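Okay, so here's the structure we're looking at.
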Amino acid sequence: MSRFLLMLSVAALLLGNPLRTRAAGPTTAPAGDQEALPIVLPKPAYTETPKNLPLGVKVEKPHGKREPFFAPKGSVNLSLKKPVTSSESDPVIGSLDMITDGNKDATEGSYVELGRGVQWVQIDLGAVHPISAVIIWHYHGQARVYHSVIVQISNDKDFKTGVTTIFNNDDENAAGQGAGKELGYWESNEGKLFDAKGAKGQFVRLYSNGNTSDDQSHYTEVEVWGLPK
């Protein structure tokens, strides 16, 4: 060992060995003021392998159980029982209040069906809140992919100003909100969680444009998690 390296080693021992290589530890541990959201999942409704996709539809790989999502302590489901409006005031099936009624099961009578083409639903949280996550359960009774999924947050009920888009896979700009770059995804009992990164707003708007099984848009449940007032 050279004299230089020997001196470094002695210095390391004297200083508590700062040169020692540390074992890799968890990198996703929550901060002290965070905790895992207590998300309750419905039962899986299908076990079959997803079917082949139509040409041009790109999706992320199907995943297993989602990892816990950490948010500020005290976060709650702000959207539970909150009023819902839509681009289609009279759904084909169901009523809009079912979207925030707490029922996420993939059963008959548990989902809302909107008509063909681009549609949106909007939740009024009643006040401005910092939002940690938005979770959508479209119809998940079978493996399917919904098109032009966009999730936006705003203080403006008309979504003309101050709009924050936290997800957009509308690659053809069918909804006129700008072309999105995110991939589509298979529906499952896990729903799809979108990280809102603390964006503040009173209104949450969700777009869709049919799916790989039919031309309709369906919503089973939406949860908006954040800090209460």
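Among the residues of the stretch 174-212, which ones are under 11 Å from His147 (Cα atoms) and open to solvent by 30 Å² or more (accessible area, probe 1.4 Å)?
Correct list: Ala174, Leu183, Trp186, Asn209, Thr212.
Hey, among Ile136, Ile131, which residue is assigned to a strand (DSSP E or B), open to solvent by less than 40 Å² (accessible area, probe 1.4 Å) and over 17 Å from Asn209 (Cα atoms)?
Of the residues listed, the single one that is assigned to a strand (DSSP E or B), open to solvent by less than 40 Å² (accessible area, probe 1.4 Å) and over 17 Å from Asn209 (Cα atoms) is Ile131.
Could you say whether any residue in the stretch 143-161 is open to solvent by 10 Å² or more (accessible area, probe 1.4 Å), touching a strand residue (DSSP E or B) at 6+ places or on another chain (Cβ under 8 Å) and free of Cβ contacts under 8 Å to residues at least 24 places away in the same chain?
Yes - at least one qualifying residue is present in the stretch 143-161.
All but one of (1) crowded, with 18+ Cβ neighbours inside 10 Å; (2) more than 19 Å from the chain's Cα centre (by Cα); (3) at pLDDT below 95 hold for Val118; state the number of the condition that does not hold.
Checking Val118 against (1) crowded, with 18+ Cβ neighbours inside 10 Å; (2) more than 19 Å from the chain's Cα centre (by Cα); (3) at pLDDT below 95, the one that fails is (3).
Go through (1) within 20 Å of the chain's Cα centre (by Cα); (2) part of a loop (DSSP other than H, G, I, E, B); (3) not aliphatic (A, V, I, L, M) for Thr107 and report which single condition fails.
(1)
Could you identify the single residue in Pro54, Pro50, Pro38 that is out of contact with any helix residue (DSSP H, G or I) (no Cβ under 8 Å at 6 or more places or on another chain), open to solvent by 60 Å² or more (accessible area, probe 1.4 Å) and closer than 24 Å to Lys181 by Cβ?
Criteria check complete, one pass: Pro54.
Of (1) in contact with a strand residue (DSSP E or B) (Cβ under 8 Å, 6 or more places away or on another chain); (2) surrounded by 14 or more Cβ atoms within 10 Å (Cβ to Cβ); (3) part of a loop (DSSP other than H, G, I, E, B); (4) not aliphatic (A, V, I, L, M), Pro68 satisfies all except one. Which?
Going through (1) in contact with a strand residue (DSSP E or B) (Cβ under 8 Å, 6 or more places away or on another chain); (2) surrounded by 14 or more Cβ atoms within 10 Å (Cβ to Cβ); (3) part of a loop (DSSP other than H, G, I, E, B); (4) not aliphatic (A, V, I, L, M) one by one, Pro68 breaks only (2).
What number of residues within the stretch 163-184 satisfy the criterion of being touching a residue at least 12 places away in the same chain (Cβ under 8 Å) and closer than 14 Å to Lys200 by Cα?
3
May I ask you to verify whether Ser95 is open to solvent by less than 60 Å² (accessible area, probe 1.4 Å) and free of Cβ contacts under 8 Å to residues at least 60 places away in the same chain?
So Ser95 fits the description; yes.
Assess whether Val121 counts as being within 20 Å of Asp214 (Cα to Cα), assigned to a strand (DSSP E or B) and in contact with a Phe, Trp or Tyr (Cβ under 8 Å, 6 or more places away or on another chain).
In short, yes.
Which of the residues spanning the stretch 71-89 are closer than 24 Å to Ser148 by Cα and open to solvent by 60 Å² or more (accessible area, probe 1.4 Å)? I'd like the intermediate steps shown before the answer.
Here is the first cut: in the stretch 71-89, the residues closer than 24 Å to Ser148 by Cα are 79, 83-89.
Matches in the stretch 71-89: Pro83, Thr85, Ser89.
The values are calculated or read from the model by the stated rules, or taken from the named source; none is laboratory data. Fair warning: this is a prediction, and the values are worked out from it, not measured in the lab. Heads up, the Cβs are rebuilt from the backbone with ideal geometry, glycines too, and the neighbour counts pull from every protein chain shown. SASA here: full protein model, heavy atoms, side chains in, ligands and nucleic acids out. Shrake-Rupley method; radii C 1.70, N 1.55, O 1.52, S 1.80 Å.
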